[in-house]
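Derivation of every value follows stated rules applied to the coordinates shown; laboratory data play no part. Quantities reported herein were computed from a predicted structural model and do not represent experimental measurements. Note that we place each Cβ from the backbone using ideal geometry, even for glycine, and neighbour counts take in every protein chain shown.
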Amino acid sequence: MNVTKSLGMVVLLSVGAMQAWATDVATLRNGFTIRHESRAPLGETTRLFLTADGSSFVDVPTAEIVQIEPDLSAPVAPEKPAEALATAPGATNPTLVNTAPPTPASSHPVDITEAVNSASGRYRIDPDLVNSVIRAESGFKIHAVSPKGAQGLMQLMPGTASKLGVPNAFDPEANVDGGTRYLRELLERYNFDLVKALAAYNAGPHRVEQYGGVPPYLETRKYVASIVRDFNRKKIAQQKAANSLAPKAQPQSKTKPRNATAQAAPKTTRAASAPPVKRSNTATGN
């Protein structure tokens with residue numbers, strides 16, 4: 001699959017709200033499909049909003065969009081929280097090993113979600129994107145070590161961790177902060193092209209620049225596709241959950257009101273023998 005085409009995703013959170021449409025699917029020339037709630041043309045690009053409030057969106061060259069059609073897929077099950085993923089069977093990346101000694105026990109359990117939210121706020125990146133990167137990198141294993149020596153939740157190489165000021169890559173808060181900061185730097189370096197930034201996070205910026213995009217490594221291509229797919233799945237699940245909780249508009253009654261003459265009919269002494277008058281449903285609002 002060719003994933004070198006630009007998918008310039010801007011993940012800044014300060015975006016104005018947009019009116020949501022029905023969920024659609026945009027199919028790109030490179031084989032990616034992007035589910036979105038609304039879209040807006042921006043010159044030669046089209047902005048696809050992944051959420052109804054516009055907090056997450058993707059800028060795609062309009063020429064790369066093959067077709068847009070309604071999303072007819074079944075609802076996606078909600079994502080498990082990060083704490084559950086950390087202990088879920090099979091969550092660990094099979095290429096990782098846990099050879100690092102555990103850090104001293106703390107009186108408080110590690111809250112990965114809080115660490116992700118804090119770092120995401122500091123560096124203005126969608127926390128769901130950071131969680132998707134952690135899932136692909138370490139499977140939420142705090143002491144994961146790759147065969148190449150990458151360490152911790154966001155798999156920082158020792159040299160990278162040192163440049164980012166992370167003295168202990170197995171400290172969840174420091175690791176997530178350093179990894180999120182590095183991801184932000186890569187996004188800025190590649191003009192917020194998420195695909196290139198993720199490829200650089202996996203294979204290194206020099207490889208991305210050498211090949212002018214995603215390098216021809218199967219591992220890197222699978223890595224990028226996995227994160228984009230996981231991130232989109234979260235947004236779809238969130239939007240469908242929000243839609244299911246939204247109050248449905250009550251249909252207006254089609255019952256015609258009584259005419260003025262009937263409503264103003266004078267009382268009669270023979271009312272006792274007359275049939276009872278049924279109260280108008282329109283008047284009661286039922």
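Worth pointing out:
- In sequence order, calculated HN-Hα J values of the stretch 239-246 (Karplus, 6.51, -1.76, 1.60; Hz; x Gly/Pro): 5, 5, 5, 5, 5, 5, 8, 5
- Prolate/oblate/rounded label for the stretch 158-197 (Cα gyration tensor, a/c 1.5): prolate
- Highest to lowest packing among 179-189, 123-133, scored as the average C-beta count within 10 Å: 123-133, 179-189
- Rounded to whole numbers, the Karplus 3J(HN,Hα) couplings from phi for the stretch 149-160 are x, 5, 10, x, 4, 9, 6, 7, 5, x, x, 5 Hz, using 6.51 cos²θ - 1.76 cosθ + 1.60 with θ = phi - 60°, and x at Gly and Pro.
- Viscosity 0.692 mPa s, temperature 37 °C, Stokes-Einstein D of the stretch 134-200 from Kirkwood C-alpha radius, µm²/s: 277
- Annotation: amide H-H contacts under 5 Å for Phe57 (H modelled 1.01 Å from N, sequence separation of 5 or more, or interchain): Val10, Leu50.
- Sequence ranges 33-43, 199-209, ranked by mean other-Cβ count within 10 angstrom, highest first: 199-209, 33-43
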